[in-house]
Every structure is written in structure tokens, then in C-alpha cells.
Amino acid sequence: MKLVALNDLHVSLGAKMIEFAGYNMPVLYTNLIKEHLAVRNSVGVFDVSHMGEFYLKGEHALDLIQYVTSNDASKLTDGKIQYSCLPNDKGGIVDDLLVYKVKDNEYMLVVNASNIEKDWNWISKHNTFGVEMTNYSDYLSLLAVQGPNAINTLQKITDVDLSSIEYYSFKIGAMGALSEVWISNTGYTGSGGFELYCQNEDARKLWDAVFEAGKEFNITPTGLGARDTLRLEKGFCLYGNDINDETSPIEAGLGWITKFTKNFINSEYHSNLKTNGVSKKLVGFELIDRGIPRHYYKIKDVSGNEIGEVTSGTQSPSMNKGIGMGYVKTEHSKIGSEIFIEIREKLLKAVVVKIPFL
């Protein structure tokens, strides 16, 4: 297993460590509900240094990005970020990712930890444009400081006006004792906050500065368990669960990041889906009956016929009810549709709802 720069710190804090995407990662420090609510109500910090970062540079960097991603990166201006995906040549998704525009001809791509090698090979395979590619994944640390008090915490240790960093934008500036931190307003919790990129050797200094600044807000270290429940309450897709090599972004409700004003890998296939319709759709649902839906649980209709499968599910700490997402046949995807989740051979009643749940 690979170790993030702060591995020993997490162990010393008593974190429960698990193997995740080939890395030894903290899934829990104390209590999932406590960590979840700390982020929703105040501020928590995730170490997500397992994520991958690729730097693309050259006259045709944008051309390469335009071809391998589904969104229209030509719309990006300096300091802006775009959510996108890498379509494969079989109708599915290689990965979802963030595209950062640093300046003309220079971009950073942030990819999922489990797909670093896969994504690198896929993009490299299609790099017929002579773009200079550098994989910084093993050299950068990433702290996600999330929650309504994230901005109050971080503003204490930087002269960068954090309120001026709009959603899906970033700035590079000094923070704490560090002269250069990439400060990104993205996040994966829906509670506001910033993601901070620094060199591995500076990660502990940054962590300590953030926690000292956040003391008055009861800042809390938070694990991947709470990260999953937080993102699910906001209906954010998780690669490997809600999207994968076999799902189209059109089926997943990601038509908004799939632009047909340009040519990209397999764009015709996805355009046909958008025009002619899909046979299945990713929906959100809430349980009416008491129970907790889990990945791979079957979704059925009132007669017990299988109509889909749960891709993500949990007991929502904020809503105190079972919620989830899953693919269902299109005729069952309308908001308000009654569906049933099969849990331990029992059919529990649920209803299709609009995402986000919260």
C-alpha cells in the first residue's frame, strides 16, 4: 500500500485506517455521525492526498483536453475549474475529474486515486498533440477543509481574500508558513470550503496551521466514511459506484458536463442517447420504510419485478432516514415514483426524489 505524507499523524490521532484505492487512508477518527455533522455545522478536514494530479503544458494542451473530456474546456478562463469526465470508446466513463486552467496552454487535471494509472495511460494514448504531461500525484498533498466555518478558519492564516474565490475557482497564495498553496473552492460535501494543494514535505505544517486556526470552531479531523455520507446527501456521483466504465454521462444525469459543440471520444454515441433517450437513469430515492440501502441491493417494482440496482446508499446523518441512488428503468425514474429496495429478502418501500436530498 502507498502511504500519504500524513499517514503517521492519522495513526497517532487514533484513526481507523483502511486500504482505499491502493492507499492506507483514515476512514474514521471517532464517530461517523459526529464527523459528518461537524462538517455540516462547522468545519472538518479531510486528507485526500491520494487523489491524482496531472499537469498538461503546451500549445495544444487545450486540444488534447477537448478531445479526451466531455465538457467544453474552451470556456475556462485563468483561475477557473471545470467538472468533467473522460469518456471511453465503449459508451462508458474512464473517470470523472476536475480541469484547472492555470493560464493559456497550462492545465492541471485532478483525478480519482483508484484511476491514476488508468487515466494517465488513457490520456497518454490519445496525446497525439505533443502535449508535455507530468504526473505530480506522488509529490502533492491535498487537504479538504469543509464546512460553513472553513472560510473563517482559513482566512486567519492567509492574506488571500477567500471570499473572492468563487465556486469552481482557485488562487495560488501564501497560507500559514507556506509561500505557495493552491486554494480551490470546489469540495465534495456541499457545505462550502476549500481544497488546499501543497508539496508533501509541507503537509504537516499546513495541517497544524489549519487546526490551530480552527480551534475556536471545534475543527475536526474527518475520515472517508463521513466524506461518503456527505457527498451522497448532495447527490454527488462516486466513480466505481454511480458512474463507471459502462455508464454514459447521459444516463447518470451528467448531460450538463457533456457538450456536443465539439468532438470528443465517442461523442456520437452519447449524442444519440441524448437525442433518442436512454433505457435507464440514475435517480435518487428516500426510504419510506425503515432500512438502510446499500450498493448492489436490487430495486424492484410493486409486483417484485427487478427494475434496477442501488449504486450508493446510507442512513443519512442529517435527515435520519435511508437514502440512496441507483439506476432504474426509465419508466420508473419520474419524481414521486414508488419503488422498492430489496433488503434481506424484504421489499422496503421507497420513493424517487429530486437530487440533492439536502
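Run the dipole for segment 142-265 about the Cα centre, Lys and Arg Cβ at +1, Asp and Glu Cβ at -1, nothing else charged, and hand back the magnitude in debye, nearest 20.
With Lys and Arg at +1 and Asp and Glu at -1, about 160 debye.
Taking Cα centre as origin and charging only the Cβ of basic (Lys, Arg, +1) and acidic (Asp, Glu, -1) residues, the dipole magnitude of the chain rounds to 1100 debye.
What is the calculated FRET efficiency for residue 331 to residue 260, with r their C-beta to C-beta distance and R₀ = 41 Å, to the nearest 0.05?
Working: r = 26 Å, r/R0 = 0.63.
Efficiency, rounded to the nearest 0.05: 0.95.
Under a cut-off of 25 Å between alpha-carbon atoms, report the lysines in cross-link reach of residue 349, not counting same-chain residues fewer than 8 places apart. Within the straight-line cut-off, residue 349 pairs with 234, 280, 281, 298, 300, 321, 329, 334. About its Cα centre, segment 279-353 has a charge dipole of approximately 120 debye under the convention of +1 per Lys or Arg Cβ and -1 per Asp or Glu Cβ, with nothing else charged.
Rounded to whole Å, give me the distance from the Cα center of segment 308-358 to that of segment 140-171. Centre-to-centre (Cα) distance: 34 Å. Between residue 139 and residue 278, the simple label model (points 7 Å from Cα in the Cβ direction) yields a spacing of 3.8 nm. In this label model, residue 354 and residue 30 are separated by 3.6 nm, measuring between points 7 Å along each Cα→Cβ vector. Once the C-beta distance of residue 126 and residue 288 is scaled by a Förster radius of 41 Å, the resulting FRET efficiency is 0.30 to the nearest 0.05. Going from the fewest other Cβ atoms within 10 Å to the most, the residues 68, 11 appear in the order 11, 68.
Highest GNM mean-square fluctuation, the chain, Cα pairs closer than 10 Å: which of 106, 331, 251? Ranking 106, 331, 251 by mean-square fluctuation puts 331 first.
Modelled this way, with points 7 Å down the Cα-to-C-beta line, the labels at residue 152 and residue 298 are 5.0 nm from one another. Net length available on complete extension from residue 205 to residue 90 is 36.9 nm, with 0.36 nm assigned per residue and the Cα-Cα distance removed.
Taking 169, 337, 303 in turn, the Gaussian network model of the chain (Cα-Cα springs below 10 Å) assigns the largest fluctuation to 303.
Report the FRET efficiency, 1/(1 + (r/R0)^6), for residue 57 and residue 77, where r is their Cβ-Cβ distance and R0 is 22 Å, rounded to 0.05. E between residue 57 and residue 77, to the nearest 0.05, is 0.80.
Over segment 279-353, the alpha carbon radius of gyration divided by the compact-protein estimate 2.2 N^0.38 Å works out to 0.94. For residue 118, the lysines whose Cα falls under 23 Å of its own Cα, not counting residues fewer than eight places away in the same chain, are 2, 57, 90, 101.
Bear in mind that the values in this text are calculations on the coordinates, not laboratory data. These figures come from a predicted structure and were not determined experimentally. When we count neighbours, we look across all protein chains shown, and the Cβ atoms used for this are built from the backbone with ideal geometry, even at glycine.
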